[in-house]
Amino acid sequence: MTKVIIKGLTKQFGKLTAVQNLDLDVKDKEFVSLLGPSGCGKTTTLNCLSGLETPTTGDIFFDDQRINDIPSKDRGIGLVFQSYAIFTHMTTFDNLAFGLKIRGTPQLEIKREVERMAEFLDIKEVLHEKAGKLSLTNMQKTAIGRTLIIRPKVLLLDEPLSNLDAESRNVMRTELKRLQKEVEQTTIFVTHDQLEALTLSDRIAVMSAGRLQQYDTPETVYNHPENKFVANFIGSPSMNFIDCSLKLSDERAYLVNERFTLDLTSGRDRLTEFANSPELVLGIRPEHLNVTSLSDLPTQPKGSHMSGSVFMTEPLGYENIVSVQVDGLMLKATVPATSSFEVNEKVSVTFDEDHAHVFSKNGEEPAII
Amino acid sequence: MNITKRYGSKTVLDNISLEVRDKEFFVLAGPPGAGATTILRIVAGLEVPDSGEVYIGEQLVNDLEPKDRDVAMVFENLALYPNKTGFKNIAFPLRQKKVPENEITERVNEVARLLKIDHILDRYPRTYSGGELQRLALARAMVRRPKVYLLDQPLANIDALIRANMRSELKRLVREIGQTIIYTTHDQLEAFSMGERIAILNGGMIRQVDAPSAIYERPKDKFVASFMGSPRMNFIECRCEVKNGRTILAQESFSLDVTNSRPLSTSDGGPSDLTLEIRPENISIHLDNRSDESMEATVYVVEPMGSRALLSAHLGKNLVKALIHGGSDLKPGGKVWLEFDKNKLHLFDKETLQALATRPV
């Protein structure tokens, strides 16, 4: 039963502020990802939790206990790194047993615990092989197992899937997800991979330049990004951004550019405060853009439509990505795998207005719609 | 142009033959160590084959020096000169050939314009973005106007977010260059989304050469089927019975009549063990048992991926993955009914791992 509370955490290295005034609460048994590009402060935050770094200011609590001044080894944490910190000359069994042995656990109990963990991780068959001979996924399972077996209060995972090849990473991701559901272990997971964060987490803390950008469930972070940075970072292919101007009349509100006018009257209240800085950004995910060949349309479409030409198509197997050039703008849309577009084909692009996001130009300012 | 290569080098490449067509974008794809880069280096003349011949056009090039082969190679690490400006990097191969200075200026500016780096030619590579560096390296290759371009994993070292954009840009660029291109990658998605034709390699051998859609829809063997596509193809072992003209696939947890989509020839005789393969996007799910074709499965894990989710569920002993919409109402341990798109499944011989021929429907 451990919850983690981070209050006003700041970490400076000389003049560089790696983490700035971070507040984060992680509930008991929750799996939280710290997600962001390199240099966003996610690993520094993890290092402050593990005790590898000392916060410049701010407090960290495990339940009600402030741990800032508690040495790393006494914090009750389990750490798993990108590189498998296992003893390659020892067997899988001895690796799993290691933490219990140095705690003086009786032999019989060690055997029982190790076998239970091996069963759980599905590495029973390789228990008596040298860890150095294991497959990459089994090595990483061993590394996680030897950490879990000592029942840490908080499990800290630092990019544990990064060294795996693509297929092993997919397999391990699914396993980690199952583990999380079954062990119910408070876990903090550092990653730069948005897909890992989406698939694994109860909540995701998206970070950029040392600051927390959004902290919410994967669904909310994906469907309701709090600012342009989050919208751009989450989702692949990335969200499309289109520069627009705001036009307000007494009762109505529109977002316009040369190509279309979007009626946003329903969001007028939120838009009025931008009357003086009307340059905004419209954001639409690739799955909410519809691409139609102009030759398939009897007449020029009306409404919010852009015409352009196909720049390139990329089949992904289960769907295709079509890049469409609209004047100087490149839009990416995902379309069914069965559809086919030719390069330079003239197309019309429409979008689903219910899924339109509106941001201010500054990436970190809150989303408007 | 024909390029044919036959080698008998036992360790890395095992007696392979390939023909890349004139002006084709040809991808060599496989896991690390499969031999893709070695083939590229042999074409470039950086490695000497133990046996076999390499032709460029009609010319046997085995004994030609790399510089005389009329090929240009772009390496994974780009190998740009950090202490030369963009202009001087591109001009370098021409200066070596003692091309007149005014022609150099003209040709460098021409490729720089095409690759949209003409505005930054006086800057040093360290000030370029990842995409600009890529284009600079390409420009240096293009300025020689080679017959064949060899691109060795050009996107491997690029950040994932930028790579997705670079893929479509590079594909478009390559089309505009309009020359023969041989491209290596470990990334199945890159191979699939970019190549006109792909050679899938494993352990120094060619497993299949085909257009991307043919490889995806009709993989020749289990290796190709599992290499192409992410999330990966499902493999489900089952028995096949050909009886009274009907083809039935069965296992403890299901029985599926595929007579109308994948009828096996009756001459194959009685029941046989085979592997059924189906891609995650060709499985639909229901929360109730709504038809004879649905198969009851137990939810293992649901991984939300933004616009879709990846469901892992146990169908008998098999862990089956399905790419679905929604999925937030599925809980581990709960029941779910799977339905396979019977037109999209493949049958493989369990022993030989080769695709089984089916009778036309």
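Just so you know, all these numbers are worked out from the coordinates, no wet-lab data involved. These numbers were taken from a predicted model, which means no experiment stands behind them. All Cβ positions, even for glycine, are placed from backbone atoms using ideal geometry, and neighbour counts span all protein chains on display.
A simple rule links phi to the HN-Hα coupling: the Karplus curve 6.51 cos²θ - 1.76 cosθ + 1.60 with θ = phi - 60°, which for the stretch B:243-249 gives 9, 6, x, 10, 10, 10, 9 Hz, with x for Gly and Pro.
Approximating the spin labels as points 7 Å out from Cα along Cα→Cβ, the B:H325-to-B:E196 distance works out to 3.6 nm. Here the Gaussian network model covers chain B, with springs between Cα atoms less than 10 Å apart; of B:R135, B:R123, B:R262, B:R123 fluctuates the most. In a reduced charge model with +1 at each Lys and Arg Cβ and -1 at each Asp and Glu Cβ, the stretch A:211-331 shows a dipole moment near 120 debye about its Cα centre. Here the Karplus relation 6.51 cos²θ - 1.76 cosθ + 1.60, evaluated at θ = phi - 60°, turns the backbone of the stretch B:127-137 into coupling constants of 8, 7, 7, x, x, 5, 4, 4, 6, 5, 5 Hz, with x for every Gly and Pro.
Its Cα centre serving as origin, the stretch A:135-174 has a Cβ charge dipole (Lys and Arg +1, Asp and Glu -1) of approximately 280 debye.
Can you sort A:H192, A:H224 so the residue with the fewest Cβ neighbours within 10 Å comes first? Before the final figure, lay out the partial values.
Working: A:H192 21, A:H224 15.
Ordered from fewest to most neighbouring Cβ atoms within 10 Å, A:H192, A:H224 come out as A:H224, A:H192.
Sequence-ordered 3J(HN,Hα) estimates for the stretch A:319-325 from the Karplus curve with 6.51, -1.76 and 1.60 and θ = phi - 60° stand at 7, 10, 9, 10, 9, 10, 8 Hz, glycine and proline given as x.
Applying 1/(1 + (r/R0)^6) with R0 = 56 Å to the Cβ-Cβ distance of A:E279 and B:N244 gives a FRET efficiency near 0.20.
With N denoting the number of residues in chain B, provide Rg(C-alpha) divided by 2.2 N^0.38 Å, to two decimal places. Intermediate results must be reported in sequence, preceding the final value.
Numbers: Rg = 25.0 Å, N = 361, 2.2 N^0.38 = 20.6 Å.
Compactness ratio reported: 1.21.
Peptides A:201-212, B:340-351, B:141-152 ranked from most to least packed by the mean count of surrounding Cβ atoms within 10 Å: A:201-212, B:141-152, B:340-351.
Taking 51 Å as R0, compute the FRET efficiency from the Cβ-Cβ separation of B:A79 and B:S284 and round it to 0.05. Can you show the working numbers first?
Details: r = 49 Å, r/R0 = 0.95.
Efficiency for this residue pair is about 0.55.
One Cα centroid belongs to the stretch A:3-21, the other to the stretch A:153-211; the line between them spans 22 Å. Spin-label model, A:R268 to A:D165: label points 7 Å out along the Cα-to-beta-carbon direction sit 6.0 nm apart. Modelled this way, with points 7 Å down the Cα-to-C-beta line, the labels at A:H224 and A:T56 are 3.4 nm from one another.
Placing R0 at 45 angstrom, the Cβ-Cβ distance between B:T127 and B:S272 gives a FRET efficiency of 0.10 after rounding to 0.05. Applying both filters, DSSP loop and at most 14 other Cβ atoms within 10 Å, to the GluC sites (Glu not before Pro) of the stretch A:177-274 gives A:E184, A:E251, A:E258.
The residue among A:P55, B:P66, A:I150 whose Cα reaches farthest toward the positive pole of the charge dipole of the protein assembly as shown, with charges on the beta-carbon of Lys, Arg, Asp and Glu, is B:P66.
Need one word for the protein assembly as shown: rounded, prolate or oblate. Basis is the Cα gyration tensor (sqrt eigenvalues a ≥ b ≥ c); a/c below 1.5 gives rounded, then a/b vs b/c decides. Please report the intermediate quantities before stating the final value.
Values: a/c = 1.29, a/b = 1.09, b/c = 1.19.
In terms of gyration-tensor shape, rounded.
Can you pick out the pairs among A:K111/A:K181; A:K181/B:K220; A:K42/A:K73; A:K73/A:K124; A:K42/A:K247 whose Cα atoms lie more than 31 Å from each other? Let's see the in-between values first.
Numbers: A:K111/A:K181 25 Å; A:K181/B:K220 38 Å; A:K42/A:K73 21 Å; A:K73/A:K124 29 Å; A:K42/A:K247 40 Å.
Beyond 31 Å between Cα atoms: A:K181/B:K220; A:K42/A:K247.
Stretching the chain fully between A:A337 and A:N362 yields a gain of 5.5 nm (0.36 nm per residue, less the alpha carbon separation). Shape index of the stretch A:211-266: Rg/Rh, with Rg the Cα radius of gyration and Rh the Kirkwood radius from the inverse mean 1/r over Cα pairs, equals 1.08.
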